[in-house]
Amino acid sequence: MTTPSPATDTRSADGVVRPAAETGRRGALLPAPQVQNHAANLTVLPDGSLACVWFAGTQEGVPDISVWFSRLTPDADTWSEPVQLSHDSTRSEQNPVLHVTNTGTVWLLWTSQHAGNQDTARVMRRISADGGRTWGEAHTLLPETEAGGVFVRQPVAALPSGRLLLPVFHCVRIEGRKWVGDRDYSSVMISDDDGDSWREVVVPGSVGCVHMNIGRLADGTLVALYRSRWADSIYRSTSTDDGDTWTEPVATELPNNNSSVQFVVLPDDRLALVFNESSAADATARRTSLYDEIDDDGLADEVPAAPDGEPEPLDDGDSRSAFWGAPRAPMTLAISEDGGRTWPLRRDLETGDGYCLSNNSRDGLNREFSYPSITTGNDGRLHVAFTRFRQAIEYVELEAGWIADGSRS
């Protein structure tokens, strides 16, 4: 593949929410505090403000990657200037998630790892008692395990019983190999005492299924959707006992490109999902590097996964390896009326070639739309945020009927 020209955007990352050309849509580019900005998560704060957290720095995996926070108050049309909320200069701090407890306190969770080694990750937490204006000290919520790193990406699911479900995935360490994700699997951390203690439930048959996202249907069924390391399909599993047991994930009709997805359960029990409608089948090339190393200048250089550019299959009866480099575009919104089994309504939020064969933001080559987050407000609107070219976080507000007005069904 020919190296592309730098990706450019004519819009200003000033945080101002403006009407779009399409009826029923508004949007903004959030202020970008660093060269790279990635992995947004949205939530509604106790005062009705919309909050967005993401990670920013030089490049994913570099120790200057930290968590940043911005808010959009109910009476404002501009996102606030981002505030840095994590400060460990020895680790890359990634994948932030916000959770509002039933008492109104706000948790910030994120992962903390050494360089590009996701198998060294632990989960950190800070707590705010005043709606995200001030925060307590950072502390370790889930430590690294003997088997490898522990990662988060998706929100905590709070059940009517008060039970909390925190989906995690394990970045499994393999002796003699650099981590590439070949043996990652999902678990659910369960707390019945407001997060004071946690127990783990492993999702059976979930190797390769990560970024588990949990939603609850009106009948109490829990639905989970997953990113696939194999870059084939979005996977789905369910629980009917409040998360104590889970079915094995099975492929849905939707493609996946080994990149994040997220959905929300709407008041009418439909699911609204944002994802990249692409997979390895759409890739004309794949990354020849999968990790970052830190130079003496403190920057990250890409290093080959193996002499031929791909990791050798493991000699353990399963020759599959994670696929990296499938296009991260288009960014699509889809609706399901049957608990995630089928997705007849789909409409693109952004289109493009989704070039992401490099995470290098210094040269501005990346053209991905990725890592979406979605939530709803009291007014029925959908709120979506996602990575735009790794240069900024794009925010989109949609009227309830937007997808039906232009669906590709």
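Where a number appears in this text, it was derived from the coordinates with a stated rule and is not lab data. Remember, it's a predicted structure, so these values are computed and weren't measured experimentally. When we count neighbours, we look across all protein chains shown, and the Cβ atoms used for this are built from the backbone with ideal geometry, even at glycine.
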Out of Pro82, His139, Val250, whose Cα points farthest toward the positive end of the dipole of the chain (charges: +1 Lys, Arg; -1 Asp, Glu; placed on Cβ)? Pro82
What is the dipole size for the chain, taken about its Cα centre, with +1 at each Lys and Arg Cβ and -1 at each Asp and Glu Cβ, in debye to the nearest 20? 680
Given axes a ≥ b ≥ c from the Cα gyration tensor, I'd like to know whether segment 1-144 is rounded (a/c under 1.5), prolate (a/b larger than b/c) or oblate. oblate
Within a 10 angstrom radius of the beta carbon, how do Cys171, Cys209 rank from fewest other beta carbons to most? Cys171, Cys209
Which of rounded, prolate or oblate describes segment 365-409 when judged by the alpha-carbon gyration tensor and an a/c cut-off of 1.5? oblate
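Taking other Cβ within 10 Å of each residue's Cβ, how do Thr387, Thr103, Thr351 sort, fewest first? Present the calculation step by step, with values, prior to reporting the outcome.
On the way: Thr387 26, Thr103 8, Thr351 12.
In order of increasing Cβ crowding within 10 Å: Thr103, Thr351, Thr387.
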Residues Thr23 and Arg341, FRET efficiency given R0 of 45 Å [Cβ-Cβ distance, rounded to 0.05]: 0.90
Which of Asp196, Asp47, Asp282 ends up with the largest GNM mean-square fluctuation for the chain, with Cα atoms connected below 10 Å? Asp196
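Sequence gap at least 6, Cα distance under 8 Å: using those rules, report the relative contact order of segment 20-405 to the nearest whole percent. Please report the intermediate quantities before stating the final value.
Details: 1118 pairs, mean separation 57.8, N = 386.
After rounding, I find 15 percent.
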Quick one, which of [x] 4, 18, 25, 22, 16, 10, 4, 1, 0; [y] 5, 24, 36, 27, 8, 0; [z] 4, 17, 23, 27, 20, 7, 1, 0 is the actual P(r) over Cα pairs in 10 Å bins from 0, in percent calculated for this model? [y]
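Determine the calculated [θ] at 222 nm for the chain from helices alone, applying -39500 (n - 2.57) to every DSSP H run no shorter than 4 residues and normalising by the residue count; nearest 500 deg cm²/dmol.
Numbers: 1 runs with 4 residues, N = 409.
Counting only the DSSP helices, I get 0 deg cm²/dmol.
Would you mind ranking Ser161, Ser228 by Cβ crowding within 10 Å, fewest neighbours first?
Ser161, Ser228
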Taking a ≥ b ≥ c as the square roots of the Cα gyration tensor eigenvalues, with a/c under 1.5 meaning rounded and otherwise prolate when a/b beats b/c or oblate if not, segment 163-214 comes out prolate
Please give the FRET efficiency for Ala404 paired with Thr145, using the beta carbon to beta carbon distance and R0 = 56 Å, rounded to the nearest 0.05. 0.80
In the chain, taking the dipole from +1 charges on Lys and Arg beta carbons and -1 charges on Asp and Glu beta carbons about the Cα centre, the listed residue (Gly116, Leu98, Thr8) farthest towards the positive end is Thr8
